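Sharing a structure here in structure tokens format.
The values are calculated or read from the model by the stated rules, or taken from the named source; none is laboratory data. Since this is a predicted model, take the numbers as computed values, not measurements. Cβ placement follows ideal geometry from the backbone for every residue including glycine, while neighbour counts extend to all protein chains displayed.
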Amino acid sequence: MRAKLTVVATLALVVVVSGCGKKVQPVPIPQPPPPAVNNTPPPPPPLTQPPRTVTEDLPVPAQPVADDAIGNKPLDDLNRESPLQPAFFPLDGADLDDIAKAAVSSNAELLRKYGTWIVTIEGHCDERGTAEYNLALGERRALAVKTYLVALGISPDRLRTVSYGKEFPFDPGHTEDSWSKNRRAQFVITSK
């Protein structure tokens, strides 16, 4: 019986020793996913005041019109007999050449003398090309003249631009001579 007891004790000891030798791996606890990165900007703050409409007022004349033959004419007569010269452009061009610069410089002198005049610079083209192309070209021509006038010291508040493209030809002919007269920036006095 002692032999049986020794065998059972030895077996028990082997079971205990072999059971203690193995370490049980802990079961990993699932972690929550990292928070998502939000790349959208925050919403704008609420308006504290409702938006207001902005209106552009025409400038008030700063000085009286000069007392002379040109300054005393009605606006329609001034534009009909226009003391302001047109500036002409080459085919498909919106750059001022020396002749056009001389015309615009002469107009700048008149605009300095009559400091209350407000002028619209109209961009015109000849009949060739699409309506869209000519409207864009007419705009570039009017803006080129406005930029040059501002560089000569004329206030941009006194200058407006508009493009008519090929809609209002000066010369209705279909020759190069007619077309060259239609490629222009024309000045219209809109207020004095």
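Could you check region 72-126 and list, in sequence order, the residues that are at pLDDT below 90, farther than 12 Å from I189 by Cα and acidic (D, E)?
Within region 72-126, D92, D126 meet the criteria.
With E139, E132 as the choices, which residue is over 14 Å from R183 (Cα atoms), assigned to a helix (DSSP H, G or I) and acidic (D, E)?
Just one listed residue meets the conditions, E132.
The rows are residues; the columns are (1) at pLDDT below 90; (2) surrounded by fewer than 17 Cβ atoms within 10 Å (Cβ to Cβ); (3) in contact with a helix residue (DSSP H, G or I) (Cβ under 9 Å, 6 or more places away or on another chain).
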{"residue": "L152", "(1), (2), (3)": "no, yes, yes"}
{"residue": "G173", "(1), (2), (3)": "yes, yes, yes"}
{"residue": "S178", "(1), (2), (3)": "yes, yes, no"}
{"residue": "T190", "(1), (2), (3)": "no, yes, yes"}
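So which of R183, R160, R140 ends up being crowded, with 20+ Cβ neighbours inside 10 Å and either touching a residue at least 12 places away in the same chain (Cβ under 8 Å) or closer than 22 Å to L78 by Cα (or both)?
Being crowded, with 20+ Cβ neighbours inside 10 Å and either touching a residue at least 12 places away in the same chain (Cβ under 8 Å) or closer than 22 Å to L78 by Cα (or both) holds for just one of R183, R160, R140, which is R183.
So in region 117-137, with the set limited to residues that are in contact (Cβ under 8 Å) with a residue 60 or more places away in the chain and within 22 Å of H174 (Cβ to Cβ), which one is surrounded by the fewest Cβ atoms within 10 Å (Cβ to Cβ)?
E122
Hey, among K146, K166, which residue is surrounded by 17 or more Cβ atoms within 10 Å (Cβ to Cβ) and over 23 Å from the mean Cα position of the chain (by Cα)?
Step by step, each of K146, K166 is checked, and only K166 is surrounded by 17 or more Cβ atoms within 10 Å (Cβ to Cβ) and over 23 Å from the mean Cα position of the chain (by Cα).
For region 69-105, what are the residues that are loosely packed, with under 12 Cβ neighbours inside 10 Å and of a type in the set (G, A, S)?
Result: A69, single match.
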